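First the structure, in the form of structure tokens, and then the observations on it.
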Protein chains: 2
Amino acid sequence: MGDGNDIITGNAAIGQSGGPTAVINQSLIGCVELIKHATGVKKILGMHHGVTGLFNQDFIEMQDIPQDRLDRIAETPSAALGSSRVKPDESYGERIFESLRDNDIRYFFYIGGNDSSDTCRIVNDYAKAQNYEMRCFHIPKTIDNDLKCNDHTPGYGSAAKFVACSFIGDNLDNRALPGIKINVLMGRHAGFLTAASVLARQNPEDGPHLIYVPEAVFDPDKFLTDVDRIYKEQGRCLIAVSEGIHDQEGEAMAVKLAEQQGHAVERDDHGNVQLSGSGALGDFLAQHIKLNLGKDLRVRADTFGYMQRCFAGCVSPTDRVEARAAGRKAAELALAGEREGSIAIQRPSDEPYTIEYNMVKLEDVAAKTRLLPEEFIEDDNNISDSFKKYVRPIVGPLPTVELLRVRGGAD
Amino acid sequence: MGDGNDIITGNAAIGQSGGPTAVINQSLIGCVELIKHATGVKKILGMHHGVTGLFNQDFIEMQDIPQDRLDRIAETPSAALGSSRVKPDESYGERIFESLRDNDIRYFFYIGGNDSSDTCRIVNDYAKAQNYEMRCFHIPKTIDNDLKCNDHTPGYGSAAKFVACSFIGDNLDNRALPGIKINVLMGRHAGFLTAASVLARQNPEDGPHLIYVPEAVFDPDKFLTDVDRIYKEQGRCLIAVSEGIHDQEGEAMAVKLAEQQGHAVERDDHGNVQLSGSGALGDFLAQHIKLNLGKDLRVRADTFGYMQRCFAGCVSPTDRVEARAAGRKAAELALAGEREGSIAIQRPSDEPYTIEYNMVKLEDVAAKTRLLPEEFIEDDNNISDSFKKYVRPIVGPLPTVELLRVRGGAD
């Protein structure tokens, strides 16, 4: 903590950045509701569309919004201020500094993932380079759950709950009308969201029966063996796949299968491929199964898409509370005289589930990616029980299912 | 009603059929919990995978399941008995009759949509042809909401709630990171589910801004004009599309756009096309926009897929209650001496919302499709307020949103 004598007077700016989540407004309001009562703070300037709003001096004033409206905003999914994927380069420096100075911004808060924490670091560096005194804090947010130094991140718990509820339903759907079903989930580099599908397993025969994350190498031949085995055992097979699965050389599986199946794949000068189809990976995997295991198999693929991050009415109670607390914590630290940092959610104890909101260095989080730890991955096609234990309190209670005629059991 | 002296003694059989829903087990349990107390009924034979279970004499006995377990089954999404898409042809007749007779089935209940009600009619005809005395009732179920004689059908309310909650989130997502977003929803012939996306409109600027259902002819040129206008007005555009949209000649839009965009479309001898891609329509529409309105536009497409029908934890309270009541009503009628029929949910009054469970003729429902009435469709690209009024009580309460900076309003 700072020495407490270090309180500066001026305005506060706050922004939201990156892909929205179901609880990113909780963090916004957590920060606003605390800082609005601070004596040093005059206006609270909500940046319209993140750093773009700062750059263009396009602000939504928030200091006079009554608490009941703040509470309703907090409960609303997605980023109420608007979001942004802009990363400021050199050309932004001057205008960002002007905006900070012209608007007397002395408290700066930025809610987002690893790219956004890097933006926060960059803004902080501009201010520092001009000896401009400012408090600068990053507040974590990402459904990918891939921030370094964090046990987990706000937004993940609710997206994971959405994935779990989808799979609970889809497992029973697949049980009622048996076949092979592939669901493709968000996660280019980190498999946390895909791993959450494991929560749908409540009974021994429940799917997902196979789970593939980007942290494990995906072998299309081994995949066929896996699917064939489960299908022969169970008469059905439910599969969870991260969009980012790739081969040994790191080539995206959608591209590899597209080429294998004789589709023209266009590459740019850097060798990068833009696959147009939103459902491409799922369709190629389904085709891969049909071509190799039998064209008459009932194989279906769904790609969950944007629904995962902002679905209304499927919020984890833990996530809701923690997102708010993370926002409050950033305000607290800034008012206590700390100069800069990133809020990290850490878990000193599993039982009882205990959370601390600690301050870590911006550069320890900025532009870095945390991956699913090895102990959570089993045999390249499954997720461990230790992950289930890890994720359960983050997601909270889930609907329970009651089956008729469990395989190997009585009716 | 029958004369009440007409009670027959024997076993009851019950089956579930077609695509599962979030509340089809409510109807199952509604029927079972009532009929299990009837003096005339000995065993309750749950058909494993619908008419296939009847055909193969594969039954799950349900008469001894305690009420608390029945209640848990009722709350579980999808078809607990397993479902089926089999439609019995001539070759089934003999074996179906044998199964009815061998198992002394005197009460027959079949839960499903229009195809399933036709199966129910066929089974009934087999029994009648042999002068086999049996009560035979169809219990309605379909997320498509396309059964004749019904105001709405069990399963629709919950699927519509899922669609509404998705669009509430996706509208805010699209507002935070503006662009053009297309969501493709289930509904080959009937647009009721797609129409439910209109419930996401809580504020004047909320999407979906355009809604296309199969009941209206889809004109790809008019579509571009619509999208361009909204995008210029709002800086974004959220679009709901039924999978079944087609041109004037009835050709599926996915096929038409695929050909327009130079993809090879394979047709069988009957001229039918099998499009492999699960996300094909969405991708073709996105491509259509980019090719014509600008390749640098941010255009995204999601296809909601199976999630719509069985998502766990997003059940309409009305739907839950009505699905149960429809199952109970079928049992009541059978025990009261009625011989055959289909339960129809009818609404004698809008305010207060009042529901009756009436008996209609099997042949009035079987294999027929109800479409979205004309008064619910506006200008071929929108859904009317009268539909909103119709659908609201069926879906029940939805999460409310609070915006910052509404267009044209104050912050």
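How much net charge surrounds A:I394 when only the other residues with a Cβ under 13 Å from the Cβ of A:I394 are counted, with Lys and Arg +1 and Asp and Glu -1?
On the way: positive: A:K161, A:R320, A:R347, A:K388, A:K389, A:R392; negative: A:D151, A:D319, A:E322, A:D350.
Net of charged neighbours comes to +2.
Taking chymotrypsin sites (Phe, Trp or Tyr not before Pro) that fall in a DSSP loop and have at most 16 other Cβ atoms within 10 Å as cut points, what is the longest piece of chain A between them?
Numbers: sites that count: A:Y132, A:Y353.
Here the longest run is A:133-352.
Toward the positive end of the charge dipole of the protein assembly as shown, about the Cα centre and with charges on Cβ (Lys, Arg +1; Asp, Glu -1), which of B:G53, B:F137, A:F284 goes farthest?
In the protein assembly as shown, that residue is B:F137.
Assign one of three labels to segment B:13-127, namely rounded, prolate or oblate, based on the Cα gyration tensor with a ≥ b ≥ c the square roots of its eigenvalues; rounded applies when a/c is under 1.5, prolate when it is not and a/b is larger than b/c, and oblate otherwise.
Numbers: a/c = 2.08, a/b = 1.29, b/c = 1.60.
It is oblate, given that a/c is not under 1.5 and a/b is not larger than b/c.
Looking at B:F97, B:L403, B:Q63, which one has the Cα that reaches farthest to the positive end of the dipole of chain B (charges on Cβ: Lys, Arg +1; Asp, Glu -1)?
B:L403
Suppose every Lys and Arg Cβ carries +1 and every Asp and Glu Cβ carries -1, with no other charges. What dipole size does chain B come out with about its Cα centre, to the nearest 20 debye?
On the way: 45 positive and 61 negative charges, 197 e Å.
Rounded to the nearest 20 debye, it is 940 debye.
Relative to the Cα centre, what is the charge dipole magnitude of segment A:290-338, using +1 at the beta carbon of each Lys and Arg, -1 at the beta carbon of each Asp and Glu, and rounding to the nearest 20 debye?
Numbers: 9 positive and 6 negative charges, 73 e Å.
Roughly 340 debye for segment A:290-338.
Please compute the net charge surrounding B:F97, taking Lys and Arg as +1 and Asp and Glu as -1 over other residues with Cβ under 13 Å from its Cβ. Let's see the in-between values first.
Numbers: positive: B:R95, B:R101, B:K128; negative: B:E90, B:E94, B:E98, B:D102, B:D104, B:D125, B:E133.
Residues near B:F97 contribute -4 overall.
Per-residue Cβ counts within 10 Å, from other chains only, averaged over B:41-48: what number is that? Walk me through the numbers before you get to the answer.
Values: counts 0, 0, 0, 0, 0, 3, 0, 3.
Across B:41-48, the average partner-chain Cβ count within 10 Å equals 1.
If contacts are Cα pairs under 8 angstrom and at least 6 residues apart, what is the relative contact order of segment B:156-269 in percent?
Working: 174 pairs, mean separation 33.1, N = 114.
That works out to 29 percent.
List the residues whose amide H sits under 5 Å from the amide H of B:D58, counting only those 5 or more places along or on another chain, with H placed 1.01 Å from N in the peptide plane.
Result for B:D58 returns B:H48.
As a quick test, which of the pairs A:K368/A:K388; A:K128/A:K361; B:K87/B:K329; A:K222/A:K388 have an alpha carbon distance above 22 angstrom in this structure? Could the numbers behind the result be given before it?
Values: A:K368/A:K388 25 Å; A:K128/A:K361 15 Å; B:K87/B:K329 25 Å; A:K222/A:K388 25 Å.
Those over the limit are A:K368/A:K388; B:K87/B:K329; A:K222/A:K388.
Spelling out what I want: for every residue of segment B:305-316, take phi, set θ = phi - 60°, compute 6.51 cos²θ - 1.76 cosθ + 1.60 (Karplus), and round to whole Hz; glycine and proline get x.
Once rounded to whole Hz, the list reads x, 5, 3, 4, 9, 10, 3, 7, x, 9, 9, 6.
Cut-off 10 angstrom, C-alpha nodes, Gaussian network model of chain B. Which of B:H37, B:H138, B:H189 fluctuates the most?
In the Gaussian network model the winner is B:H37.
Which residue fluctuates the most in chain A, going by a Gaussian network model with Cα springs under 10 Å, if the choices are A:A80, A:A326, A:A22?
Result for chain A, Cα springs under 10 Å: A:A80 fluctuates most.
Where does the charge balance sit around A:D364 when Lys and Arg score +1, Asp and Glu -1, over other residues with C-beta under 13 Å from its C-beta? Let's see the in-between values first.
Values: positive: A:R121, A:K148, A:K361, A:K368, A:R370; negative: A:D118, A:E340, A:E363.
Counting the neighbours of A:D364, the net charge comes to +2.
Collect residues whose amide H, placed 1.01 Å from N in the peptide plane, falls under 5 Å from the amide H of B:G113; neighbours closer than 5 in sequence don't count.
Long-range HN contacts for B:G113: B:K141.
If you average the sequence gap of Cα pairs under 8 Å that are 6 or more apart and divide by the length of segment B:138-207, what percent do you get for the contact order? Spell out each step's value before the answer.
Values: 75 pairs, mean separation 23.6, N = 70.
That works out to 34 percent.
Taking amide hydrogens as modeled 1.01 Å from N in the peptide plane, which residues meet the under 5 Å criterion relative to B:L404, leaving out close sequence neighbours?
Here the answer is none, since no amide H 5 or more places off falls under 5 Å of that of B:L404.
About the Cα centre of segment A:59-202, what is the dipole size in debye to 20, counting +1 per Lys and Arg Cβ and -1 per Asp and Glu Cβ, all else neutral?
Values: 17 positive and 20 negative charges, 130 e Å.
Computed about the Cα centre, the dipole is about 620 debye.
Shielding of A:80-88 by partners, i.e. mean partner chain Cβ atoms within 10 Å per residue?
Details: counts 8, 3, 6, 5, 2, 2, 0, 0, 0.
What the average comes to for A:80-88 is 3.
Residues of A:312-325, mean number of Cβ from any other protein chain within 10 Å of their own Cβ, rounded to a whole number?
On the way: counts 15, 12, 9, 1, 0, 0, 0, 0, 0, 0, 0, 0, 0, 0.
Mean shielding by partner chains, rounded to a whole number: 3.
Could you give the C-alpha radius of gyration of chain A expressed as a fraction of 2.2 N^0.38 Å, taking N as the number of residues it contains? Kindly include the intermediate steps, with their values, before the conclusion.
Numbers: Rg = 23.2 Å, N = 411, 2.2 N^0.38 = 21.7 Å.
Rg over 2.2 N^0.38 Å, computed on Cα atoms: 1.07.
Could you state the number of Å between the C-alpha centres of segment B:129-158 and segment A:288-342?
Spelled out, the Cα-based centre of one part sits 39 Å from the other.
How far is helix A:385-395 tilted off the main Cα axis of chain A, in degrees rounded to 10, range 0 to 90?
It works out to around 50 degrees.
List the relative contact order of chain A as a percent without decimals, with contacts defined as Cα pairs under 8 Å and 6+ residues apart. Mind showing how you got there, number by number?
Values: 885 pairs, mean separation 93.5, N = 411.
RCO, chain A: 23 percent.
Taking only the alpha carbons of the protein assembly as shown, what extent do you get along each of the three principal axes, in Å, biggest first?
Here the Cα extents, ordered largest to smallest, are 97, 54, 53 Å.
Every read-out reported here was derived from the displayed coordinates using simple, explicitly stated rules and does not represent laboratory data. Here the structure is a predicted model, which is why all the values come from computation and not from measurement. We place every Cβ from the backbone using ideal geometry, glycine too, and count neighbours over all the protein chains shown.
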